[in-house]
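Below you'll find the structure, written out as structure tokens, and then a few comments.
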Amino acid sequence: MKIDSLPIPISLRTKYSALGITELYPPQAKCVEAGLFNRKNQLVAIPTASGKTLVAEMAMQKEISDGGKCLYIVPLKALAAEKYEDFSGKEVKVGIATGDPDQRDEYLGRYDIIVATSEKTDSLLRNRAEWLKRVSLLVVDEIHLIGDPSRGATLEMVIAKLRYQNPNLQIIGLSATMGNPEELANWLNAALVTSEWRPVDLREGVYYNGAIHFHGSERILQTPKKDDDLNLLLDTAEEGGQCLVFVSSRRSAEAYAKRAAVVLKKKSEALDLYAEKIAKADTTPSGKVLANSVKNGAAFHHAGLPRAAREAVEEGFRKGEIQVIASTPTLAAGLNLPARRVIIRDYQRYEAGVGMNPIPVMEYRQMAGRAGRPRLDPYGEAVLIAKDRDAVDVLFEKFIDAPAENIASQCQKENELRNHLLALITTGFAKNRAELDGFMEKSFYASQKAVHRRLDRNIGKALSYLIESGMITEETGGELLGTSFGVLASRLYLDPETASLIRDILGKQETFSAFGMLHLLCMTPNMFRFYLKASDERLVDEVFSERGDELWCEELSEEFFAAVKTALVAEAWCEEVPEDVICENFGVGAGDIHAVVENLRWLMHASARIAHEFAPRFDTDVRDLEIRIENGVKEELLPLITLRGIGRIRARRLFDRGITTPEDLLSAEPKDVVGILGTVLTKSVLEQAAKKTGRTLDAVPLLIEEEAVPVKASETKPQKTLFDFGE
DNA sequence: GTTTTATTTGTGTAGACAGCATGTC
DNA sequence: CTACACAAATAAAAC
């Protein structure tokens, strides 16, 4: 099917022809035949890299030219950024909506396409963003994630709510291959488009004893070494191809990169540059290992890396400099980073309390699908490594030839229901039990199951929890109403349990304790917690016995101790302990610290709002701690940090020279201040300080001469969040 | 006697969404 | 309750 024959705007046709795209891929043509341009709902379940984005883009452009508005939902912030880039052009206005401060929510209504994460969309619904009602085409990327245990329920509810608001909504679901696409298509009232077609040939095989076994053929390797995983790398490297190696733990990823560096010994100036960047971004031992490996063309990738280091690795690989990345599943679902050969070394993964478990077939497909770069590689290879002869057949059967799993709705779970029923009630989707039942009747869960006894029971349980915790009330006529607390919790996007814990525990305290507050937040279901190692136990026990009186929560569970460790990391950050020292002491990665801080920043903000209404005596205490988390500063820097232009570093420098407050700034020798802050900043800071203290500036003014040329706005690179520096 | 290599033992285990209002090195 | 990779400690073998 020719592009020219399609009812899409001319600008899009020009864009495609500039990219050399003149004809649709077969699965894309199928979508058109199935009514893509006739506002028909579609579930497109086709392999990775077979052109799903193009399908969505064409439909959206057509919809926009007909006066419509499009919402594109993605699972990851990084994907949101990627799609934003993809869709941006002269003709359409594209906006991005994630938890990051990209654009103000009310402006989003002006865009033709809004790219958003599922949680952000849910949050926008809860805050009644008016423009959402005008969305006429909804694209859901990776819609199979509806079955994800931790995030699937939200995605399902978001889709359900958008459909409810706009019965005329066209929905396009983009999905990986799954076991039961018919069920999902049925729920969406959508035409199902499936295909096995790929633009680059994908060969899937199993390596054993010096040869890769494919269906009907094999490839013998020249193997001088006994390490299978390295042989597979060298084999591809000799032909000039790149490898992605999937392993099951961070430690394994690092170890592989180290070994690969030894055998690759690739040298280039570009590699040295990337290594330098990484060494600067991550000063921990693990960062040094990465920098050294990258110097030789090998890298690893996992969530413990700071973002700047991760991005350097991705760029180095994309530019063809880095020969191999050993990765945990971070790379499987995330960015588009294909390689000639994908080596799936670890197909088992540890699960707490269960031991090693085989990864789902769907996840194997995600990884294997990364093999083969369109237009660059003649083919792609996905190779599993067998440990003995018997394993060869087993691996074919369990992964390569296995059908993908069915996906199942997650929205019947009690904790999910608490959260989402509260939202339904506080945002007016349902006013009583009957309406709630009616809404849930239309869920994917209800469409999958004939009997809804479990759903029914859990709705009841969730409602009584919400009533007991004072989030909703049931009037005599059966009307369900959100209380002010319930509305607040829902809008802050907190799990009801998190909100209740904060209100109850904080409200019970007589005196404030920063450590107690941090630990409380670390106990909530909305907080990520570190895994507790055996070597941490001593430290955590010690803190428990010596600082027990600072802690507000007392249940002696495993979670409790994990929360102690996590709170200790957060506290260290607030005490200005250097990052590499924190990493060293607690055995965590630099990226993990940022994850904790980011998470706590949100929860501290929410706590401040809750404290304001339900424990006003702690109002300033909580807000001060919020500022400390945000900036990573000790209490003593609080007066300085409030000044614009002063962050943790400058505040510390001023403090150490005896300038501890805005008043001090005004009475200090101006020369000293200029020495620390520079002329331009000093002027602005002094003005601020004068305003704050109510003093006039004329005592200090003209000693500061305007000699520094202000940097042009276009030359400063805006950064999205406070944690991005170091790039 | 010293260095290299094999064997045993103990340890730890993936990822990442959300609020709000302008800024850090 | 289930496994496995890795690193450190230890033993064995080669030089």
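The values are calculated or read from the model by the stated rules, or taken from the named source; none is laboratory data. Treat the numbers as computed from the prediction; the structure is a model and nothing was measured. Counting neighbours? That spans all protein chains shown, and the Cβs are built from the backbone with ideal geometry, glycine included.
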Checked segment A:107-162 for anything on the phi > 0 side of the Ramachandran plot and either modelled with pLDDT of 95 or more or touching a Pro at 6+ places or on another chain (Cβ under 6 Å) (or both); matches are A:Glu142
Scan segment A:381-389 and give yes if some residue there is more than 16 Å from DNA strand B (Cβ to nearest atom) and assigned to a helix (DSSP H, G or I), otherwise no. yes
Scanning segment A:238-263 residue by residue, the ones that are away from DNA strand B (no atom under 14 Å from the Cβ) and surrounded by fewer than 21 Cβ atoms within 10 Å (Cβ to Cβ) total 6
Within segment A:509-530, of all residues that are in contact (Cβ under 8 Å) with a residue 40 or more places away in the chain and either loosely packed, with under 12 Cβ neighbours inside 10 Å or aliphatic (A, V, I, L, M) (or both), the one farthest from A:Glu559 (Cα to Cα) is A:Ala514
When A:Glu57 is run through (1) within 23 Å of A:Arg365 (Cβ to Cβ); (2) at pLDDT 95 or above, the failure sits at (1)
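Quick check on this structure: which one of A:Leu376, A:Leu335, A:Leu331 is exposed (fewer than 15 other Cβ atoms within 10 Å of the Cβ) and within 27 Å of A:Glu269 (Cβ to Cβ)?
Only one candidate qualifies: A:Leu376.
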Apart from one, (1) in the same structural domain as A:Ile610 (by TED's automatic domain parsing); (2) in a helix (DSSP H, G or I); (3) among the basic types (Lys, Arg) all hold for A:Arg529; the odd one out is (2)
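Counting only residues that are within 12 Å of DNA strand B (Cβ to nearest atom) and charged (D, E, K, R), which one in segment A:315-350 is farthest from A:Ala237 (Cα to Cα)?
The qualifying residue farthest from A:Ala237 (Cα to Cα) is A:Arg349.
Inside segment A:338-354, can you point out the residues that are in a loop (DSSP other than H, G, I, E, B) and in contact with a Ser or Thr (Cβ under 9 Å, 6 or more places away or on another chain)?
Scanning segment A:338-354 gives A:Pro338, A:Arg340, A:Arg345, A:Asp346, A:Tyr347.
Just to be sure I understand, how many residues within segment A:244-257 are assigned to a helix (DSSP H, G or I) and more than 7 Å from DNA strand C (Cβ to nearest atom)?
3
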Taking segment A:264-282 and keeping residues loosely packed, with under 15 Cβ neighbours inside 10 Å and of a type in the set (Lys, Arg) leaves A:Lys265, A:Lys267
Of (1) among the small types (Gly, Ala, Ser); (2) away from DNA strand C (no atom under 16 Å from the Cβ); (3) in a helix (DSSP H, G or I); (4) more than 26 Å from A:Asp377 (Cα to Cα), A:Ala303 fails just (3)
* Among the residues of segment A:59-68, is there at least one that is outside the structural domain of A:Arg365 (by TED's automatic domain parsing) and under 30 Å from A:Asn599 (Cβ atoms)? -> no
Of the residues in segment A:338-363 that are more than 16 Å from DNA strand C (Cβ to nearest atom) and closer than 29 Å to A:Asn180 by Cβ, the one that is surrounded by the fewest Cβ atoms within 10 Å (Cβ to Cβ) is A:Pro360
Inset, instruction - Could you tell me whether any residue of segment A:213-220 is over 23 Å from A:Asp393 (Cβ atoms), away from DNA strand C (no atom under 11 Å from the Cβ) and either over 25 Å from the mean Cα position of the chain (by Cα) or outside the structural domain of A:Val289 (by TED's automatic domain parsing) (or both)? - result: no
Here the residues within segment A:184-237 that are assigned to a helix (DSSP H, G or I) and surrounded by fewer than 18 Cβ atoms within 10 Å (Cβ to Cβ) are A:Asn186
_Condition check: closer than 29 Å to A:Ala611 by Cα and in the same structural domain as A:Phe614 (by TED's automatic domain parsing). Does A:Ile472 satisfy that?_
no
Okay, helices (runs of 4 or more DSSP H) sitting entirely in segment A:430-486 with 2 or more residues that are touching a Ser or Thr at 6+ places or on another chain (Cβ under 9 Å) and without any contact (Cβ under 8 Å) to a residue 60 or more places away in the chain, I get A:453-468
The residue that is surrounded by the fewest Cβ atoms within 10 Å (Cβ to Cβ), considering only those in segment A:307-321 that are more than 18 Å from A:Gly240 (Cα to Cα) and among the basic types (Lys, Arg), is A:Arg307
A:Pro285 vs (1) of a type outside the set (Ser, Thr, Tyr); (2) surrounded by 15 or more Cβ atoms within 10 Å (Cβ to Cβ); (3) closer than 23 Å to A:Ala303 by Cα: all pass except (2)
For segment A:95-115, does any single residue satisfy the condition of being closer than 30 Å to A:Glu363 by Cβ, part of a helix (DSSP H, G or I), within 14 Å of DNA strand B (Cβ to nearest atom) and touching a residue at least 40 places away in the same chain (Cβ under 8 Å)? no
Please tell me if A:Val564 is in a helix (DSSP H, G or I), farther than 19 Å from A:Gly287 by Cα and within 13 Å of DNA strand B (Cβ to nearest atom).
no
Checklist entry - Yes or no: A:Ala34 within 14 Å of A:Leu174 (Cβ to Cβ), among the aliphatic types (A, V, I, L, M), surrounded by fewer than 21 Cβ atoms within 10 Å (Cβ to Cβ) and over 27 Å from the mean Cα position of the chain (by Cα)? => result yes
Exception for A:Gly645 within (1) more than 9 Å from DNA strand B (Cβ to nearest atom); (2) at positive phi falls at (1)
